[in-house]
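Each remark here refers to the structure printed beneath this line.
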Amino acid sequence: MTSLYEEVPAEVPANVPTRRVTVTVNGEKRTVDVEPRLLLAHMLRQALQLTGTHTGCDTTNCGACTVLFDGRPIKSCTMLAVQADGHDVETVEGLATASELHPIQEGFKQEHGLQCGYCTPGMMMASKALLERNPNPTEDEIRWALSGNLCRCTGYQNIVKSVMWAAEKMRAEEAE
Amino acid sequence: MYPSRFAYDAPTTVAEAVAILDRNGGEAKVLAGGQSLVPMLKLRFASPERLVDINNIKALDYHRLDPDGTLRIGALCRHEDLEFSEIIKDSHPTLAQAAALVADPIVRTRGTFVGSVCHADPQGDWAATMIALDGRIVAQGPNGRREIAMRDFVSGPFTNALAYNELAVEAVIPPAKGKAVGGYLKLERRVGDFATASVAVALDMNGDVVTRAGCALAGVGGKTIDANEAISVLVGKTLTAESIEAAAEAIADAADPRTDHRGSADYKRHIVKTFVTRILSGIARSEQKAA
Ligand SMILES: Cc1cc2nc3c(=O)[nH]c(=O)nc-3n(C[C@H](O)[C@H](O)[C@H](O)COP(=O)(O)OP(=O)(O)OC[C@H]3O[C@@H](n4cnc5c(N)ncnc54)[C@H](O)[C@@H]3O)c2cc1C
Ligand code: FES
Ligand code: FES
């Protein structure tokens, strides 16, 4: 169990209410004591040390903090950690297995879908949500699904190609 | 950015939520999708003592058509529920078209229709559709329910007519008198931006005659512009080039745009006129095809 009240775990006034929340993160049950005002992104990064989820803007605009919440993409900088109690959260760390990259990760590698990589975890999670609903998306559908995620480097073209690549691979795997 | 400290409740029934709001005498705030409130908490534009999270009140998660055609949208109906809805796809074209234009796809998985209307942002998309469709909000307080017509619901920018101990439980859209047609067009600089200008049009038709006409505008005034009066020139008429031109003129006159970083006042008024013409001509064309 991790306790987290502030960025710096300094003296916490005795009257600060905390709550115990249990969240299934990447398939594993994690229990954390949090202040209600703690954001889900900060719980993931600081309490659970899952720093793959980035915070880019902190103003709900960039999508770098996108994770899957019960299978749907959400901006984790805009949800309270207490709201995740009893729910299922998937982060970019949940994509790869010990020996293998997820097809989406492989796609980003093959098609050069990242440069600095800051936006990438959010892009990948939004792509995962898309491919779960629509295994054979058109380029327009990919651009639509990623329109809440900003990238300052790539110009998006290669990100779209990466998702196309992943979709094809996942369909091929499905067919096997 | 950290919100200031608050206490947190996540009731599972409307009665409980209302009781908490009532006990806290105006110091508690409702948390729905959080897509406007959480950013405000982080910027400390809002620092309530307590949040009442309604996301666990499963009974509010619906949108449905009554047998008479009345549409009811529960307080937990998310933007994306309407975007992908089979229920409203044909019956409520104005809402169906607006759904895909609210914010971005990820914000739409959380943000709620009712929360957006409560937030009363002058640039909000749903408030415009509610005015055009003559909708109303059902509020529940400690002494029961009351209905508030949309035109009375928003009392100013970011303020609504709810009492501190009332929860908006659903939005209601009355049934069409005849066949419902309409549209929603929005000009945005990029996905997720608020409207530079947007136009909601909702008509009821009997054959090719307009029996009711509703219109509202977002982004072109200090509040959502109620253009119902302006578009009423169409009532009793058919959609012709002349009647469309007259309506578009009247509606553009009702806009009250200001010059800002999104464009000049003249430009925005021009967009309004163009969008109204485009929506009405589109309706006229598809009605002709159907006939
Ligand atoms: C990046 C971004 C882009 C956006 N773009 C757009 C856009 O283009 N168009 C647009 O219309 N909106 C836009 N929004 C706002 C978005 O639609 C919000 O979801 C919406 O304004 C608020 O709905 P919510 O459910 O998230 O409410 P919350 O944020 O939870 O609440 C908003 C306010 O309403 C009150 N409230 C909520 N529900 C109730 C209720 N049932 N009873 C009483 N009070 C209630 C809350 O107390 C709070 O004051 C955008 C938001 C973001 C972050
Ligand atoms: S950090 Fe959450 S949207 Fe940018
Ligand atoms: S790769 Fe740098 S922001 Fe997208």
Study note, to complete from the structure: Computed for the protein assembly as shown: size of charge dipole around the Cα centre, +1 on C-beta of each Lys and Arg, -1 on C-beta of each Asp and Glu, debye to nearest 20, value 540 debye
Check your understanding: 222 nm [θ] for chain A, helices only, -39500 (n - 2.57) per DSSP H run of 4+, per residue, to 500?
Key -> -8500 deg cm²/dmol
Study note, to complete from the structure: A student asked for the Cα radius of gyration and Dmax of chain B in angstrom ought to give 19.1, 61
Review point. For segment A:103-175, with only Lys/Arg (+1) and Asp/Glu (-1) charged at the beta-carbon, what is the dipole magnitude about the Cα centre, in debye rounded to 20?
Key: 240 debye
Exercise for review: Just give the residues from segment B:75-118 buried by at least 50 square angstrom of accessible area in the all-chains context relative to the isolated chain, probe 1.4 Å, and say none if nothing qualifies.
Suggested key: B:PRO105, B:ILE106, B:ARG110
Point to revise | Using a Förster distance of 56 Å, the FRET efficiency for B:LEU43-B:ALA291 (Cβ separation, nearest 0.05) | key: 0.60
Check your understanding: About the Cα centre of segment B:134-279, what is the dipole size in debye to 20, counting +1 per Lys and Arg Cβ and -1 per Asp and Glu Cβ, all else neutral?
Key -> 280 debye
Exercise for review: Find the accessible area per residue for segment A:19-94; the probe is 1.4 Å, ligands and nucleic acids are left out, and the unit is Å².
Suggested key: 31 Å²
Practice item. Over the residues of segment A:103-175, compute the C-alpha Rg and express it relative to 2.2 N^0.38 Å. Key: 0.97
Practice item. At q = 0.23 Å⁻¹, work out log10 I(q)/I(0) for segment B:15-90 with the Debye formula, treating every Cα as an identical point scatterer and leaving solvent out; two decimals please. Key: -1.05
Exercise for review: Work out how much length A:ARG133 to A:ARG19 would gain on full extension: take 0.36 nm times their residue separation and subtract the Cα-Cα distance, in nm to one decimal.
Suggested key: 37.6 nm
Review point. How high is the relative contact order of segment B:7-53, in percent, with contacts defined as C-alpha pairs under 8 Å that are six or more residues apart?
Key: 56 percent
Check your understanding: Once you treat every alpha carbon in segment B:150-231 as an equal point and sum by Debye, what is log10 I(q)/I(0) at q = 0.12, 0.26 Å⁻¹?
Key -> -0.48, -1.23
Review point. Can you work out the FRET efficiency for the pair B:LYS223 and A:CYS57, with r the C-beta to C-beta distance and R0 = 30 Å, to the nearest 0.05?
Key: 0.60
Check your understanding: Regarding segment A:19-94, what whole-number volume in Å³ per residue does the convex hull of its Cα atoms give?
Key -> 72 Å³
Practice item. Take the alpha-carbon centre of segment B:151-191, take the same for segment A:99-176, and report the distance between them in whole Å. Key: 36 Å
Check your understanding: With contacts defined as alpha carbon pairs under 8 Å and 6 or more residues apart, what's the relative contact order of chain B in percent?
Key -> 15 percent
Check your understanding: So what are the three principal axis dimensions of the protein assembly as shown from its Cα atoms, in whole Å, longest to shortest?
Key -> 68, 56, 45
Review point. Between their Cα atoms, which of B:LYS29/B:LYS268; A:LYS29/B:LYS58; B:LYS29/B:LYS89; B:LYS42/B:LYS89; A:LYS109/B:LYS42 are more than 31 Å away from each other?
Key: B:LYS29/B:LYS268; B:LYS29/B:LYS89; B:LYS42/B:LYS89; A:LYS109/B:LYS42
Exercise for review: Roll a 1.4 Å probe over the protein heavy atoms and report the accessible area of B:HIS261 in Å², nearest 10.
Suggested key: 130 Å²
Point to revise | Whole-number percent relative contact order across chain A, with pairs defined as alpha carbons under 8 Å at least 6 apart | key: 21 percent
Practice item. Specify which residue in the list B:VAL114, B:ALA161, B:TYR62 is farthest towards the positive end of the charge dipole of segment B:58-173, using unit charges on the beta carbon of Lys, Arg (+1) and Asp, Glu (-1), about the Cα centre. Key: B:ALA161
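The values are calculated or read from the model by the stated rules, or taken from the named source; none is laboratory data. Small disclaimer: the values here were computed from a predicted structure and weren't measured. When we count neighbours, we look across all protein chains shown, and the Cβ atoms used for this are built from the backbone with ideal geometry, even at glycine. Surface areas here come from the heavy atoms of the whole protein model, side chains and all, with no ligands, DNA or RNA. Shrake-Rupley method; radii C 1.70, N 1.55, O 1.52, S 1.80 Å.
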